[in-house]
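The values are calculated or read from the model by the stated rules, or taken from the named source; none is laboratory data. What you see is a predicted model; the values in this text were computed from it and never measured. Neighbour counts run over all protein chains shown; Cβ positions are idealised from the backbone, glycine included.
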């Protein structure tokens, strides 16, 4: 039986934390003499007291969190936090309608980066900071908070961790609270380093801080309609490439480096990391060579722009600096397929992720070897760890379902009159949490404001489903889930 008191306690705690977080953009607006600081103060107060109302009646010791409760809590938390995070967009002077405000908030929480805002340069600093802060929290902060809070109440927090991601990994540090704290330190430290690097390359302090948050979270929200193209600065672009890659690597490996376990050899010797870096390098070289032959621009300029956009899409960040979809049919098709890739498991990225591609590749090699030598007993190993049959089946079924879900979402968008490219690229970018789509309406230099409300709600659901990797939601819609 589901213990709804436990769920209420956690939802209340998350809402109280969210309400306190709204004080930060309030201070930003106050510093820049914007009256919207009152909006954030009132929104934060409302959110905090709603959370307190959920938490206060059930503040007694609770039993262990069951697996079913963790799945339900994860699903409800993403919906509820998205709703309350949308309040500033709804009641500030930007005055988005409820669907647009929810879409923007969910896009932030899920680190997708799709936006309905136009003329971003004219928005108040508090709103711009809130968008970036939502992505920073959604990238990994909300996971760390969930893991860190559960031991405080004597509850097994690894359930929440596994509900957040369908991948299963060994506990690197026995105590969950230490793991959460170590990840938070690494995440915060990399964000500060990124902000300092951006500032050194010429960004203002405000732009450096907000873009650092959306870079490490691989979210991609920018303060400008032209995204990174606004700065026209090659050093900023290369810095973005470096830290987008940093955000796409498994954060537990950073903790290992920080604790002196394996060093950087362990980080770059990881199978996922090696596969990602090789994939990025080969894609950039091949696509760069193709464009250089067809165009008259200098080689290094072509390589820089290709490296920026390929890294941005593969890591599901979504920054842009030009309309890469205009590079011809090959470039257009390449970037469509790159929407599905993603970074490493255990990072802030979305997409299918490198771990699953490695496993599929190993399965294919093993199958070929078995066909050659039928008596061969083939074992699949990743990082010298044997992958069990259950995990293999789970991952193999994930990819077909991923594609089917994107196709189903694309059909829902097509029913709204959207063309094929807009429908499929919109569905893919939402589920993979990338941000920009392809085509004239939602392409790299456009936004989602022109879609109708139903399409935006479908895409928002796709963002949440992709972020939670489907199964945390699917179990909640299974009738057996609600039986005793």
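Given the conditions (1) at pLDDT below 95; (2) more than 22 Å from residue 129 (Cα to Cα); (3) under 20 Å from the mean Cα position of the chain (by Cα); (4) part of a helix (DSSP H, G or I), report the number of the one that residue 186 does not fulfil.
Single failed check for residue 186: (2).
Evaluate segment 248-260: report whether one residue or more is more than 14 Å from residue 444 (Cβ to Cβ), surrounded by fewer than 17 Cβ atoms within 10 Å (Cβ to Cβ) and either under 20 Å from the mean Cα position of the chain (by Cα) or in contact (Cβ under 8 Å) with a residue 12 or more places away in the chain (or both).
yes
If I go through segment 280-326 residue by residue, how many of them are surrounded by 15 or more Cβ atoms within 10 Å (Cβ to Cβ) and in contact with a helix residue (DSSP H, G or I) (Cβ under 7 Å, 6 or more places away or on another chain)?
The number of residues fulfilling the criteria is 29.
If you scan segment 458-472, which residues turn out to be in a helix (DSSP H, G or I) and within 17 Å of the chain's Cα centre (by Cα)?
Passing the criteria: 459, 460, 461, 462, 463, 464, 465, 466, 467, 471, 472.
Just for segment 200-222: of the residues that are more than 21 Å from residue 341 (Cβ to Cβ) and in contact (Cβ under 8 Å) with a residue 40 or more places away in the chain, which one is surrounded by the fewest Cβ atoms within 10 Å (Cβ to Cβ)?
Residue satisfying both the conditions and the ranking: 206.
So is residue 232 closer than 28 Å to residue 31 by Cβ and in a loop (DSSP other than H, G, I, E, B) or not?
yes
Kindly establish whether residue 92 is closer than 17 Å to residue 434 by Cβ, crowded, with 23+ Cβ neighbours inside 10 Å, in contact (Cβ under 8 Å) with a residue 12 or more places away in the chain and in contact with a helix residue (DSSP H, G or I) (Cβ under 9 Å, 6 or more places away or on another chain).
The answer is no for residue 92.
Within segment 29-52, how many residues are under 17 Å from residue 91 (Cβ atoms) and surrounded by 20 or more Cβ atoms within 10 Å (Cβ to Cβ)?
So the answer is 10.
Across segment 441-466, what is the total count of residues that are out of contact with any helix residue (DSSP H, G or I) (no Cβ under 7 Å at 6 or more places or on another chain) and either closer than 18 Å to residue 404 by Cα or in contact (Cβ under 8 Å) with a residue 12 or more places away in the chain (or both)?
Of the residues in that region, 7 qualify.
For segment 385-398, enumerate the residues that are surrounded by 13 or more Cβ atoms within 10 Å (Cβ to Cβ) and out of contact with any helix residue (DSSP H, G or I) (no Cβ under 6 Å at 6 or more places or on another chain).
Once the filter is applied, which keeps residues that are surrounded by 13 or more Cβ atoms within 10 Å (Cβ to Cβ) and out of contact with any helix residue (DSSP H, G or I) (no Cβ under 6 Å at 6 or more places or on another chain), segment 385-398 yields 387, 391, 392, 394, 396, 398.
Regarding segment 185-198, can at least one residue be identified that is buried (at least 22 other Cβ atoms within 10 Å of the Cβ), in contact (Cβ under 8 Å) with a residue 60 or more places away in the chain, in contact with a helix residue (DSSP H, G or I) (Cβ under 9 Å, 6 or more places away or on another chain) and under 28 Å from residue 448 (Cα atoms)?
no
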